[in-house]
1. Would you check which residues across segment A:187-226 are aliphatic (A, V, I, L, M) and within 13 Å of another protein chain (Cβ to nearest Cβ) and list them?
2. Return the total of residues in segment A:1011-1026 being in a loop (DSSP other than H, G, I, E, B), closer than 24 Å to residue A:1184 by Cβ and not hydroxyl-bearing (Ser, Thr, Tyr).
3. So the check is Cβ under 6 Å with 6+ separation or different chains; which pairs have a first residue in segment A:498-520 that's under 18 Å from residue A:567 (Cα atoms) and a second one that's basic (Lys, Arg)?
4. When you scan segment A:263-278, do you find a residue that is part of a loop (DSSP other than H, G, I, E, B), within 14 Å of another protein chain (Cβ to nearest Cβ), farther than 20 Å from residue B:65 by Cα and without any contact (Cβ under 8 Å) to a residue 60 or more places away in the chain, even just one?
5. Those residues that are among the hydroxyl-bearing types (Ser, Thr, Tyr) and more than 12 Å from residue A:1153 (Cα to Cα), I need them from segment A:1180-1199; list them, please.
6. Which condition breaks for residue B:22 when tested against (1) assigned to a strand (DSSP E or B); (2) facing chain A (nearest Cβ under 10 Å); (3) aromatic (Phe, Trp, Tyr)?
7. Which of the following residues is farther than 19 Å from residue A:1036 by Cα and modelled with pLDDT under 80: A:1222, A:1158?
8. So, in segment A:301-331, of the ones that are more than 11 Å from every other protein chain (Cβ to nearest Cβ) and of a type in the set (S, T, N, Q), which residue ends up nearest to residue B:62 (Cα to Cα)?
Amino acid sequence: MALKIVKGSIDRMFDKNLQDLVRGIRNHKDDEAKYISTCIDEIKQELKQDNIAVKANAVCKLTYLQMLGYDVSWAAFNIVEVMSSSKFTYKRIGYLAASQCFHEGTDVIMLTTNQIRKDLSSPNQYDTGVALTGLSCFVTPDLARDLANDIMTLMSHTKPYIRKKAVLIMYKVFLKYPESLRPAFPRLKEKLEDPDPGVQSAAVNVICELARRNPKNYLSLAPLFFKLMTSSTNNWVLIKIIKLFGALTPLEPRLGKKLIEPLTNLIHSTSAMSLLYECVNTVIAVLISLSSGMPNHSASIQLCVQKLRILIEDSDQNLKYLGLLAMSKILKTHPKSVQSHKDLILQCLDDKDESIRLRALDLLYGMVSKKNLMEIVKKLMLHVDKAEGTTYRDELLTKIIDICSQSNFQYITNFEWYISILVELTRLEGTRHGHLIASQMLDVAIRVKAIRGFAVAQMATLLDNAHLLTGNTQRNGICEVLYAAAWICGEFSEHLEDPMQTLEAMLRPKVATLPGHIQAVYVQNAAKLFATVLRKHDGETESQAAQETSQLLIDRLPLFVQSANLEVQERASCILQLVKYIQKLQQKNVEVAEEVTALFAGELNPVAPKAQKKVPIPEGLDLDAWINEPPSESESEDEKPKAVFAKEEPKHSRSRHTEVDEKELARRREVRKQEQANNPFYIKASPSSQKVYDAPGVEHIPVVQIDLSVPLKVPGMPMSDQYLKLEVERRQKEKAERKKKEKKKKREKRGKERKADSGPESEEDITPAHQVDIVTEEMPENALPSDDDDKDPNDPHKALDIDLDKPLADSEKLPVRTHRPEALKSPAEDRDSESVPQETKKKSGKEKKKDKEKDRKRSKEEKKKKKKHKEVEEELLESQPEEAVQSEETKEAAAPPTSTSAEASDLDFWLSSAPVPPAAQEVTAPSSAAAAVDTSSAAAPESEPDEPKDTEPEDTKSSKHKKKKQKKEKEEKEKKKKKRHHHHHQHHSDAGGEDSVQNGTVEEEEPLPPMSNYSLLAENSYIKMVYDIQGNHQDESKVVVSVIFENKSDSFLKSMEFNVLDSLNSKLQRPEGAGAHDSLTVPFQLPPGVSNEARFVFSVQSIIMPQKLKGTLTFIVKSDESSTHEKLDFKLHFTCTSYLITTPCYSDAYAKLLESGDLKGSSLRLEGINMPFHHLLARICFHHHFSVVERIDSCASMYSRSIQGHHVCLLVKTSDQTVSIDAKCDEPSLLGNVLDEIKQTFSKC
Amino acid sequence: MIKAILIFNNHGKPRLIRFYQYFAEDMQQQIIRETFHLVSKRDDNVCNFLEGGSLIGGSDYKLIYRHYATLYFVFCVDSSESELGILDLIQLICFFVSVCVFVETLDKCFENVCELDLIFHMDKVHYILQEVVMGGMVLETNMNEIVAQVELQNRMEKSEGGLSAAPARAVSAVKNMNLPEIPRNINIGDINIKVPSLSPF
């Protein structure tokens, strides 16, 4: 019986599933924590069971507890166990738990690699799906590296359900393992055109996310996205794409032009608010990126603003909010069109929704102008009074200050008004922003010299009424203002009308209740005021007033001497002693005013906030180096302090003190001034701003009369309103005056054109009330202008800033799972495969074996594949290390830029030609081309680079017929290749990415003949050399000569040495230490029939003339029985073309260049050219390193730049068989030579 | 990117949380508290966007939420997501939850997702969510597709016997165990306390 009860209880215990747990927690509201802890104990028991069902149930409950905030990481291993269950139900629970609580720091994660891999390749699509979903949450760099290849295969899975998940997870993989981006990208791009809309959407999602962070790498995808945008009907996809375009347009204004039309169509046609809103947003981005002032875009702006107005007026608060948000973006570039909706925005300030009010405030910030600033601030001040919550009121306060102070007080015409606004703001109760007001007061008073008199008067009133500010302890935030008031009164005390009264106010006993730092300022500035008073009464013998002042100080200062605040105490006692001394002197009738004022002479200039950071580190200063040798560890600590104390000699300092007399002091001051004058980092007063005591007095400035006896709260109208009225009157007056003047002028110059600014009150019309001299902030000399202080170095997306258009290198292939790359990790891995499925092993050992077998098979297959790969790799490897003759730098410099410029020109073509044939797009995208190169290089024989090359003009006649033959051969080969790779048929590559310029021109049906820039250098029966010369982007005096050596003989060629007879102008760059006539060793040997490329760097001085260099190649021919020394002479021909670098140029920049008038013209006519125009352009692009700027029908403008920065512009026109080329360049002889070379190129075909 | 999805009730009790970026448990709770604090003090007739959760995200992140009866659905997203789109998505998810988890409530208005339904089926709601959002990115928005996938998976679970069958199997497993060993591990007193908790509330 008893046993039965026990058994029943046990049954129930295991009965507790998630629902029971939740119910239990709800029933134990009072002792939830205790209940949960017992539950956790139970769960621990359950996890100890062998039964996977029990475990899964426990893990499921843990997931719930995790949500409640309980750390369940202790069960991580059990979670892995449940994950590896063969049943979908449990697996799903396991993966869910893992996705909720696993992270990079979870150490069992590395045990899951094999399990996840198994699930990914499971025949059940939901197993795979669950694994992918889970992985997306806890993928680590290790997992990403190990599984990237598996996921990549899943991207081409037959089931769209898996495809879309695999595509989406790639983003996470990229983040954790950036190296996978380039190999995976082509496939990802394919998925953009997947038949399944879900997969397509996922791909768009991933690429948008990538592009958002590094937009420039994805510009080349613009045509593809454009096509998607015009064809897709899925709003989610459309929104993503439109958002992406918003990120791309700032980089490429022409893209914007293309977008405007479809976007406006969408705006007109769509009914989905979300889509409409994003369209408007992107149109705004486009408009921002386009240079403003284009008349045909004002319609688009109007459309946007009009649509946004509809949103803002909508009753839906969400739309209202978004409308305001988008409006603020327009504001930056087209403030005028937003300002007309000021009414609406001010209306939003009254909205009950705080988010909307804040947005409206943001908008106001950008809407102010000189004209409406006072009006807007007045409105805001009203809101300040009305606002109930302190947070919103504080927000208003900061906004008012932001609005007024933006861009160096640009919009303030009347600083008296601003000061009074600030003073009014001090009346705000309980604000936290006292220091903000204070710093504004200081800023204005220091930087606007003309306002000082007024400011000082106001501050004196503030000080006088300090009790109003400090009376309430709650308002202590605002007492910061007194800090500013005291300092301004002290520093500019010469403007004070009654310094004595202010001094008295500053020394009231109540001041002692203020915070310490304010008291300190009070004390210090009391001393300044004292000096002013003395100066005022200077000259009067036995001045009663002066002596009274001293007495006042002596009476009141002891209060501060007793202060607990160190700063206050120190300053007070110092000044007290000083005053006492002065009093003595006064009694002896000694003139002291001069000396006392000298204590506070000099003026402080404002320093820019970043000034300190911008001070460049002087050359040779290493901030990390020790100044003194660091104390060695052996020096024991206890002897050190002794030495310090023993060395101190108090007597010495004392005696020095007494010795100092007045003269000495003066002399020292002089010396110090001198020193400071010579020190560039010392912030000194400029000679002009030296304090002048009798300079523009108070009466100079139009001060509004303020009754000082009246407490600060002026009954009735607040002060700033008076200013507003005054200002309006003043403006009207000015306007009237100006009109008079204008009339006069008009009468005088009737024939002349109307003045542009005669319209009603344009911005410039409003002159400031008084001439304001805003002192700019000081910056250290030769401060660096860079402003990239706010880039986050830890951004994980930085790693994804990868150029996707470069062809893939073999080293970049994703790791395939043959064996682990790191030896260290493999034991752990082995252990896990043994230990994880401990209990499953018992049950399903057979299954396991099968799995293993499968695995083995699969890996075999992969090995086979790999082998193939390897063979290719090896071939490539053979040549790779030997390739670079010169440093790798030169290689890098030469290779990647060509591809990027090529990409740019592809995009150019898309952007300039309206209809885009889809076939061209595929070619346009360079990375698919890159993939093609990959496959073709894998399949095609390696001997390709040594194919005979097309020739350059300098070729001799003798080789001509031969060349033709070679060409034929080549064309045949090309055809063969095409057959092999018919889907990449447009790609005729013979030298990697070098021909990519022509890609852009393949928009017409007719394919281009293959071209090459390699021309014959020399050849004999053993060896053949072809070469190409290219400019170096980084160095304006260097060109790189790539020479391909081909062994034509049956023997081995070795110890090849390359030498050139330098001319004055051109020199071969030899390694350091080598003599001027030493030859360079070619760093490889050539087996029979093999060719290889070497690069040599030449330095050139003048590039305006072509030239030839003589050289020799010596080498040893080694056959089985003998070896002979051979020699081959050659002539290197540096054409002017070879100094040109393909440089993309935008049409607007191009137009500017031509307008500048610095270029000299020349022209050329070619007759009897019968090739299609685009072939002609392609030839010029390819052989002469030009890029097409714009092309209209049979006319094209082209651009190139020399390595020394000469601009070369061509205008190519064709009619019938005549081609005329008008050219301009800033160097006539260079241009002449280039044109000659172009002529030669075409004379040969 | 979606950084987190939080569902909590009017008292701030979490009902479902899903972070797409790692936060430690205590931090997660703090974020929930902060978000609740921000969201709960807003009227129902103000806009559904909020800037400035200090703990999660930063300036680029927004909270987008909907309030249904006793539940708040909050999404924390960055600027790459469309605000209105996410609002639609929240509605969509509520709909799925009512359709997929509680087939019997199909006729109910989906805006009245019952909190109780959600509490007791947190795992199922998670599975639905996984079909809509994956790793912080929107996976699928096609309603039929999502419902079909969830249905298929549920069917698969049923064919395996489901988790509901687990306790039964657990019992049989216990029965097969060596009985005398068990009481040593179990606090019998505890069991007696728990008995009343089993009554339906």
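1. Once the filter is applied, which keeps residues that are aliphatic (A, V, I, L, M) and within 13 Å of another protein chain (Cβ to nearest Cβ), segment A:187-226 yields A:199, A:202, A:203, A:204, A:206, A:207, A:210, A:211.
2. Going through segment A:1011-1026 one residue at a time, the tally reaches 2.
3. Every condition considered, the pairs that remain are A:507/A:556; A:520/A:571.
4. Yes: one or more hits.
5. A:1187, A:1194, A:1197
6. The one condition residue B:22 does not meet is (1).
7. One residue alone meets the criteria, A:1158.
8. A:328
The values are calculated or read from the model by the stated rules, or taken from the named source; none is laboratory data. Computed from a predicted structure; not experimentally measured. Every residue, glycine as well, gets a Cβ built from its backbone with ideal geometry; the counts of neighbours run over all protein chains shown.
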